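A.B. asks: The structure that follows is given in the form of structure tokens.
Taken together, the values in this text are just the output of simple stated rules run on the coordinates, not laboratory data. The model shown is predicted, which means the values in this text are computed figures rather than measured ones. Because the Cβ atoms are built from the backbone with ideal geometry, glycine has one as well, and the counts that use them run over all protein chains shown.
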């Protein structure tokens, strides 16, 4: 433990698995106390049990206003305020443009954009000066990928929101940035809606463009998140840090 986040209080949504889970673990290793929010109660309990007194699990759905309000209330009750907010919860669905109805847009935007924005908005009165807000976007805001128009658009909106909030919240001593993961080996890939054989072909094609030849790990994003939350990033505002194994330069 290097203690880069010693005595900081963090909130991470989508903490049940994947990137959110890795961020919680890495934050704790760096000295932070974390409120982990997600829908998988068992996974949250495991996180809390692994770090007694350092992780509090709160279950709920980011698209439900009452669940987010309860998250804020329980966090403030436990710690009085927060230093780091990472609205990481997100979903991805492969949807052809012909099938991209208003309902299809609302499904992904409700989690990826609106819930992330609302999480930060509700926590804003409790974010202490020197705090860090980090949105999770995607490398797909820079490249086109068939069937992911809705997902990519929701993340592009989030990227723009982060840049605007960086300017708006800077006078309050709050830094806002975003992290754009590239292909990362998380359970998200199994939920996009592609048949296994098609998904396998997609993975193989993506790997051929990566400098390492394989998907990144959730810990790669967690390490970037620790840096952005630390004093080492005190002069970084409104940046979208791409962590994609070189995909976008290949």
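A.B. asks: Label residue 248 and residue 231 with points 7 Å out from Cα along Cα→Cβ: what is the distance between them in nm?
C.D. replies: 3.0 nm
A.B. asks: Let me ask something additional. Based on the mean of other beta carbon atoms within 10 Å per residue, what is the order of 142-151, 156-165, 209-218, 14-23, most packed first? Walk me through the intermediate numbers first.
C.D. replies: Details: 142-151: 16.6, 156-165: 18.9, 209-218: 14.7, 14-23: 25.1.
Final packing ranking: 14-23, 156-165, 142-151, 209-218.
A.B. asks: Right, something else. Once fully extended, how much extra length lies between residue 7 and residue 46, figured as 0.36 nm per residue of separation less the alpha-carbon to alpha-carbon distance? Walk me through the numbers on the way to the answer.
C.D. replies: On the way: separation 39, 0.36 × 39 = 14.04 nm, distance 2.20 nm.
The span from residue 7 to residue 46 would gain 11.8 nm if fully extended.
A.B. asks: What shape does segment 16-86 have by the C-alpha gyration tensor, where a ≥ b ≥ c are the square roots of the eigenvalues, rounded means a/c under 1.5, and otherwise prolate means a/b greater than b/c and oblate the rest?
C.D. replies: Numbers: a/c = 1.63, a/b = 1.19, b/c = 1.37.
It comes out oblate by the Cα gyration axes.
A.B. asks: If I take every Cα pair under 8 Å that is 6 or more residues apart in the chain, average their sequence separation and divide by the length, what percent do I get for the relative contact order?
C.D. replies: Working: 500 pairs, mean separation 51.9, N = 250.
Over the chain, the number comes to 21 percent.
A.B. asks: Sticking with the crude label model, points 7 Å out along Cα→Cβ, report the distance from residue 98 to residue 70 in nm, one decimal please.
C.D. replies: Simple spin-label model gives 4.2 nm for this pair.
A.B. asks: Note the angle between two axes, namely the Cα long axis of helix 196-207 and the longest principal axis of the Cα atoms of the chain, as a number of degrees from 0 to 90, rounded to the nearest 10.
C.D. replies: The answer is roughly 80 degrees.
A.B. asks: Can you work out D for segment 9-249 in µm² s⁻¹ from Stokes-Einstein, where Rh is the Kirkwood radius over C-alpha pairs, the temperature is 10 °C and the viscosity is 1.306 mPa s? The partial results should precede the final answer.
C.D. replies: On the way: Rh = 18.0 Å.
Value of D from the Cα-based Kirkwood radius: 88 µm²/s.
A.B. asks: Shifting gears a bit: If we count other beta carbons within 10 Å of each Cβ, what is the order of 231, 240, fewest first? Provide the component values of the computation, followed by the final result.
C.D. replies: Details: 231 10, 240 20.
Lowest count first: 231, 240.
A.B. asks: Which value in deg cm²/dmol, rounded to the nearest 500, describes the helix-derived mean residue ellipticity at 222 nm for the chain, given -39,500 (n - 2.57) per DSSP H run of n ≥ 4 and division by the residue count? Mind dumping the intermediate values first?
C.D. replies: Numbers: 8 runs with 98 residues, N = 250.
Calculated at 222 nm, the ellipticity per residue is -12000 deg cm²/dmol.
A.B. asks: I need two numbers for segment 207-250: Rg to one decimal and Dmax as a whole number, Cα atoms only, in Å.
C.D. replies: Here Rg and the maximum Cα pair distance are 12.4, 36 Å.
A.B. asks: Give me the angle, in degrees from 0 to 90, between the Cα long axis of helix 18-29 and the longest principal axis of the Cα atoms of the chain, rounded to the nearest 10.
C.D. replies: Once rounded, the angle reads 30 degrees.
A.B. asks: Moving on. Could you check the spin-label model distance between residue 160 and residue 217? Points 7 Å from the Cα along Cα→Cβ, value in nm.
C.D. replies: 3.7 nm
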